[in-house]
Amino acid sequence: MKTLKNVIIYTKDYCPYCVRVKNYLTSKKIDFTQVRVDDDPKTYEELKAKTNHFTVPQVFVDGVFIGGASEFFSWIDDQS
């Protein structure tokens, strides 16, 4: 598997898909930064405008937008 560096996940507190991605990264001992957007609507609006993706999680790896949970796990499978 490719080394995951500079992982940032934009999440909301009540999001089961966010939990799934975070649990996966934690189980693989991959460091990540979580940015909660449920308390910061301005950041969330800017994020949606930047990615054209309107749900969470939104996962970035080394500055590249990967997508949401399903796109992230597909991307992981492609890296294997």
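Tell me yes or no: at least one residue of the range 1-14 is farther than 15 Å from Phe73 by Cβ, touching a Leu at 6+ places or on another chain (Cβ under 6 Å) and surrounded by 10 or more Cβ atoms within 10 Å (Cβ to Cβ). Before you say what the answer is, go through the steps one by one.
The initial filter retains those residues of the range 1-14 that are farther than 15 Å from Phe73 by Cβ, namely 3, 5-6, 8, 10-14.
Next cut, touching a Leu at 6+ places or on another chain (Cβ under 6 Å) only: 10.
The next check asks that each one be surrounded by 10 or more Cβ atoms within 10 Å (Cβ to Cβ); those that pass are 10.
Within the range 1-14, one or more residues are farther than 15 Å from Phe73 by Cβ, touching a Leu at 6+ places or on another chain (Cβ under 6 Å) and surrounded by 10 or more Cβ atoms within 10 Å (Cβ to Cβ).
Would a scan of the range 58-65 turn up a residue that is farther than 19 Å from Thr3 by Cβ and in contact (Cβ under 8 Å) with a residue 12 or more places away in the chain?
So in the range 58-65, the residues farther than 19 Å from Thr3 by Cβ come out as 58.
Adding the requirement that they be in contact (Cβ under 8 Å) with a residue 12 or more places away in the chain leaves 58.
Yes, because at least one residue in the range 58-65 is farther than 19 Å from Thr3 by Cβ and in contact (Cβ under 8 Å) with a residue 12 or more places away in the chain.
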Members of the range 23-54 that are under 13 Å from Ala69 (Cα atoms) and touching a residue at least 24 places away in the same chain (Cβ under 8 Å): Tyr24
Count - residues of the range 55-71 that are closer than 14 Å to Thr11 by Cα and either exposed (fewer than 14 other Cβ atoms within 10 Å of the Cβ) or more than 10 Å from the chain's Cα centre (by Cα) (or both): 1
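Name the single residue that is surrounded by the most Cβ atoms within 10 Å (Cβ to Cβ) among those in the range 31-54 being part of a loop (DSSP other than H, G, I, E, B) and in contact with a Phe, Trp or Tyr (Cβ under 8 Å, 6 or more places away or on another chain). Can you show your working first?
Taking the range 31-54 as the starting set, the residues that turn out to be part of a loop (DSSP other than H, G, I, E, B) are 31, 37-40, 52-54.
Pick out the ones that are also in contact with a Phe, Trp or Tyr (Cβ under 8 Å, 6 or more places away or on another chain) and you get 37-38, 53.
Details: Val37: 21, Asp38: 12, His53: 16.
Within the range 31-54, the match that is surrounded by the most Cβ atoms within 10 Å (Cβ to Cβ) is Val37.
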Test: residue in the range 21-29 that is more than 19 Å from Thr3 (Cβ to Cβ) and surrounded by 17 or more Cβ atoms within 10 Å (Cβ to Cβ): no
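Does Phe73 meet the test of being in a helix (DSSP H, G or I) and touching a residue at least 40 places away in the same chain (Cβ under 8 Å)?
It is true that Phe73 is in a helix (DSSP H, G or I) and touching a residue at least 40 places away in the same chain (Cβ under 8 Å).
Where a number appears in this text, it was derived from the coordinates with a stated rule and is not lab data. These figures come from a predicted structure and were not determined experimentally. Because the Cβ atoms are built from the backbone with ideal geometry, glycine has one as well, and the counts that use them run over all protein chains shown.
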